[in-house]
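Read through the structure below, which is laid out as structure tokens, and then see the notes.
The values are calculated or read from the model by the stated rules, or taken from the named source; none is laboratory data. Since the structure is predicted, the reported quantities are computational estimates derived from the model, not experimental observations. Note: ideal-geometry Cβ built from the backbone for every residue, glycine included; neighbour counts use all protein chains shown.
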Amino acid sequence: MPERTPAGLFEGILLRRGDPGYDRARADAVWNGLTPERFPEAILQAAAERDIPLALAWARAQGLRVSTRSGGHNWSGSQLRDGGLLIDLSRLRHCSVDPVSATAEVGPAVTGTDLVEALAPHDLAFPVGHCPSVAVGGFLLSGGLGWNSRVWGPACADVLEIRAVTADGRTVICSETENADLFWAARGAGPGFFAVVTGFRLGLHPHPAAITTTGLTFPLADVERVTGWAVRTARDLPSNVETALVLAASGEATATAPPGRGSPSVPPRSPRHGTRRSLLSNPWVPARSPGKPCPGSCPSRRPSPHCTPALLGRGRRRIATRPTRCGRRRATRP
């Protein structure tokens with residue numbers, strides 16, 4: 001294990017470029033494995049909030065620019081910057097719920113799954129990201145379009161307060177009445193926010209009373225016709241209905257890429273174009289295939305029976321219900 005340097009300054013671990021463990025920490029900083037060719041000078045795996053002001057002071061003394069990472073769900077990998085200090089907040093996962101005031105206090109690395117599991121016993125909800133492994137830190141700083149956002153609005157609208165460390169090392173509380181300028185910027189600034197957020201206080205919603213899902217699958221050749229129909233239909237749907245258009249290969253998912261088209265052992269899978277809808281959709285009961293941490297913007301990846309364009313107007317549905325662990329019933333397809 002690398003030495004906790006400099007001179008035991010941090011409770012967490014500081015990895016300089018070239019240290020054992022640096023390459024793994026750099027790769028882990030990006031969720032999808034598409035690691036850009038950018039190399040921070042050092043990565044601090046912060047263990048607690050007290051590491052953050054110390055890290056900023058150390059970076060200032062070393063002349064290093066600072067970036068942060070909570071869950072790493074950034075398609076461009078903006079958290080990896082050449083010659084800077086990456087502060088990895090992924091260990092700040094504290095989460096507490098006050099059902100009386102319908103609020104929660106969470107660390108930046110708390111994921112949608114973490115928050116769902118904490119809120120479900122209290123029949124409370126929050127519009128977390130559609131992908132359950134997305135951490136709230138970057139999600140909320142970027143605005144946060146999650147489950148039921150058409151009803152509840154962007155998730156950042158439910159942020160009541162943040163706790164942040166500014167560039168000069170001060171830990172401040174930001175809300176509508178305290179440090180309001182920072183609070184305003186925190187709800188949408190994304191990775192460019194000019195402080196390190198170490199905690200959020202969130203306003204919560206009552207758990208939806210019912211959840212149903214339905215899906216339609218079409219051949220890729222009909223993509224233009226289906227998309228036009230889906231867009232027109234979505235405009236007239238009530239706000240508690242979410243619509244997603246998904247392009248996906250048909251058949252069961254595989255752990256590795258199948259052989260090429262010339263292989264007789266694995267026939268090529270024909271692409272499908274699907275449209276899925278979720279009524280009162282929320283993240284408490286998302287179904288997903290094993291090994292697929294991100295189900296996309298719908299509660300189920302499992303396609304409905306194949307539909308033809310003739311079924312566009314009426315939509316074939318097969319829906320059944322079963323109990324969920326939180327006592328509600330959810331819709332599934334057999």
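Things worth noting here:
- Helices (runs of 4 or more DSSP H) within segment 132-191 that include 1 or more residues more than 29 Å from L64 (Cβ to Cβ) and out of contact with any Phe, Trp or Tyr (no Cβ under 7 Å at 6 or more places or on another chain): 149-152, 180-186
- Residue in segment 134-145 that is crowded, with 22+ Cβ neighbours inside 10 Å, in contact with an Asp or Glu (Cβ under 8 Å, 6 or more places away or on another chain), closer than 25 Å to L44 by Cβ and of a type in the set (A, V, I, L, M) present: no
- Looking only at segment 200-221, and only at residues there that are assigned to a strand (DSSP E or B), within 20 Å of A125 (Cβ to Cβ) and not polar (S, T, N, Q), the one that is farthest from the chain's Cα centre (by Cα): P206
Let's see how each residue does on (1) in a loop (DSSP other than H, G, I, E, B); (2) buried (at least 16 other Cβ atoms within 10 Å of the Cβ):
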| site | (1), (2) |
| --- | --- |
| L14 | no, yes |
| P20 | yes, no |
| D23 | no, no |
| A27 | no, no |
| N32 | yes, no |
| A47 | yes, no |
| L54 | no, yes |
| S67 | no, yes |
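- Check on F200, touching a helix residue (DSSP H, G or I) at 6+ places or on another chain (Cβ under 8 Å), surrounded by 16 or more Cβ atoms within 10 Å (Cβ to Cβ) and under 18 Å from T103 (Cα atoms): yes
- Here segment 98-124 is the region considered, the condition is being surrounded by fewer than 19 Cβ atoms within 10 Å (Cβ to Cβ) and aliphatic (A, V, I, L, M), and the residue that is nearest to G63 (Cα to Cα) is A118.
- Tally of residues being out of contact with any Lys or Arg (no Cβ under 7 Å at 6 or more places or on another chain) and touching a residue at least 40 places away in the same chain (Cβ under 8 Å) across segment 36-59: 12
- The number of residues in segment 126-164 being at pLDDT 95 or above, more than 14 Å from the chain's Cα centre (by Cα) and more than 16 Å from P191 (Cβ to Cβ) comes to 6.
- Pick from segment 154-186, criterion surrounded by fewer than 19 Cβ atoms within 10 Å (Cβ to Cβ) and touching a Pro at 6+ places or on another chain (Cβ under 8 Å), ranking: nearest to L54 (Cα to Cα): G169
- Filtering segment 95-112 to residues that are more than 21 Å from W31 (Cβ to Cβ) and either touching a helix residue (DSSP H, G or I) at 6+ places or on another chain (Cβ under 6 Å) or outside any strand (DSSP E or B) (or both) leaves V97, P99, V100, S101, A102.
- Count of residues meeting criterion [touching a residue at least 40 places away in the same chain (Cβ under 8 Å), closer than 30 Å to P154 by Cα and buried (at least 16 other Cβ atoms within 10 Å of the Cβ)] in segment 210-239: 10
- Here A189 meets the list (1) touching a residue at least 40 places away in the same chain (Cβ under 8 Å); (2) surrounded by 19 or more Cβ atoms within 10 Å (Cβ to Cβ); (3) within 21 Å of the chain's Cα centre (by Cα) almost entirely, failing just condition (2).
- Residues of segment 128-151 that turn out to be in contact with a strand residue (DSSP E or B) (Cβ under 6 Å, 6 or more places away or on another chain) and without any contact (Cβ under 8 Å) to a residue 60 or more places away in the chain, as a count: 0
- Residue list for segment 222-247, filter: among the hydrophobic types (A, V, I, L, M, F, W, C), in contact with a strand residue (DSSP E or B) (Cβ under 7 Å, 6 or more places away or on another chain) and assigned to a helix (DSSP H, G or I): V223, V226, A230, A234
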